[in-house]
Every structure is written in C-alpha cells, then in structure tokens.
Amino acid sequence: MTGGFDTAYVLWVVIVLALCTVITRAGYLFVGDWLPLPEGLRRALRFAPVATLVGIIVPDLLPWSGHAWPEVDLRLPAAVFGIWVMARTRSAVLTIIAGMLALWLLQWLLA
C-alpha cells in the first residue's frame, strides 16, 4: 500500500470504524425500550434531518470563494422551487423530483 501503511493495519481500522458505526446507529434500537429519551430531546431530534440538509445543501448552493460574494447559478432557483414544493406538499420525494425537474428545465431553457 502507499504511504507506508500495512494492509492489515488498514483492514483493522476499517473493521473498528465499521463496528463503531454499527454500535452508535443500532445501539438505541437494542436498548431504546429500556432507556426512553426525555421529551425535550425527542422534540430536538425532530430538527436533526433539516439541520443536516441545510448543512449539506447551503454550502453547495452558495459556494464562497475567498472574500468574494457567493457565486449563484441555476441550482439556487431550482432549490427555492423545491422548498416551495416541500412547504406545499410535505413530501420529500416530490420535493426532490420537483427540484431536479426545475433544475433540468432551467438548464435546458438557458443553456
């Protein structure tokens, strides 16, 4: 392997990280009935998917380069349309379809 790492070491790291992932993701499924979450934490966890999507999508829609303003392209109006569809329908699948169709239509019309 490159970088001076031994194959056994890399495999060991992958196995340990996979085990950590399984434990953290499935741990609550195994002990969730015996350790109920407090109501405040349950309410807070409802916002986790939205916060994750914002953290992933906003930097992609508004990429900053140095000290300049963000560069806006056709993805921003398509995302705004997707947000409008989500607000109207509350359907994640329909939001993805509408946003992608809006992006493709804008690229086709303006390219």
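Quick note: the coordinates plus some simple rules give every number you see, no bench work behind them. On a predicted model such as this, the values are computed, not experimentally measured, just so you know. Counting neighbours? That spans all protein chains shown, and the Cβs are built from the backbone with ideal geometry, glycine included.
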Next on the checklist: Looking at the stretch 56-83 only, could you name the residues that are free of Cβ contacts under 8 Å to residues at least 12 places away in the same chain and either in a loop (DSSP other than H, G, I, E, B) or more than 24 Å from ALA111 (Cα to Cα) (or both)?
Outcome noted: ILE56, PRO63, TRP64, SER65, GLY66, HIS67, ALA68, TRP69, PRO70, GLU71, VAL72, ASP73
Checklist entry - Within the stretch 68-89, can one find any residue that is closer than 29 Å to TYR28 by Cα and either among the small types (Gly, Ala, Ser) or surrounded by 14 or more Cβ atoms within 10 Å (Cβ to Cβ) (or both)? => result no
Checklist entry - Taking the stretch 34-55 as the region of interest, how many residues are of a type in the set (Lys, Arg) and either in contact (Cβ under 8 Å) with a residue 40 or more places away in the chain or in a loop (DSSP other than H, G, I, E, B) (or both)? => result 1
